[in-house]
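S.K.: Submitted below is the structure of interest, expressed as structure tokens.
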Amino acid sequence: SLTLASNLTSVSLSHNSLTSLPLPPSSLPSLTELNVNYNKLSSLSFLAACPALQRLYSAQNALTSLQPLKECAGLQAVCVSGNLLDDLGGTTEALKHLTALEELELDGNPYSSHPSYRALCVGALQGLRMLDGEAVQPGERDKAKQVAKYEERMGDQGSFYTHSDIQVPVGESAPRPLRRPTTSHAHTAAYHARPPPPP
């Protein structure tokens, strides 16, 4: 039982068709790495069990919100590719308080097909070094600022990085589908085509 393993530092539960992880708060106080890729999880509420978590891999689940990440202030790497996240504003709001976050993978979520997706993520998350397996370049910060200014000119219609339809400035283009071959989520095209996991 995980609830008895308070000294664990790394756990992999991938490919188990899990729909939930009923863990008491702070029951895994030493855990720094958790892999729950390829399950059927719709919530990250179990993160309250592992406040020391540094690396989270939860690709190919059914997540709709990243708000529970606030339980893990020391997160350095987060992979939530191939989920059902469709509110980029809500995602970056949940992530921007993670001051140690350097690596992020969001590809394969509904909003990742938006032409300004990469620029908006980079602009909102100032400490990010890697996004979807591709290093953040210095010039991308300037590009993100331009996108933000454009949205301000379009009027105050809510957060400029929501998933709603946005008129993209001339010259914007979709990010290149560059993936790290060693990750378990290298087939981006399959993310967009896959149906939601069954209930």
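None of the figures in this text is laboratory data; all of them are computed from the coordinates on show. Predicted model only: the values in this text are computed from it and were never measured. Virtual Cβ from ideal backbone geometry, glycine too; neighbours counted across all protein chains shown.
S.K.: Of the listed pairs 40/96; 40/70; 96/143; 96/145, which have alpha-carbon separations greater than 24 Å here?
M.R.: Too far apart for the 24 Å limit: 40/96.
S.K.: Where Rh denotes the Kirkwood radius from the mean inverse Cα pair distance, what is Rg over Rh for the range 1-141?
M.R.: 0.96
S.K.: If R₀ is 25 angstrom, what is the calculated FRET efficiency for the pair residue 8 and residue 97, using the beta carbon separation as r and rounding to 0.05?
M.R.: 0.45
S.K.: Moving to a separate point now. How high is the FRET efficiency from residue 16 to residue 67, r the C-beta distance, R0 35 Å, rounded to 0.05?
M.R.: Efficiency for this residue pair is about 0.90.
S.K.: If you count, for each residue, the other Cβ atoms within 10 Å and average over each peptide, how do 58-71, 14-27 line up from highest to lowest?
M.R.: 58-71, 14-27
S.K.: If I take all pairs of Cα atoms in the range 11-87, what percentage of them are more than 18 Å from each other?
M.R.: 30
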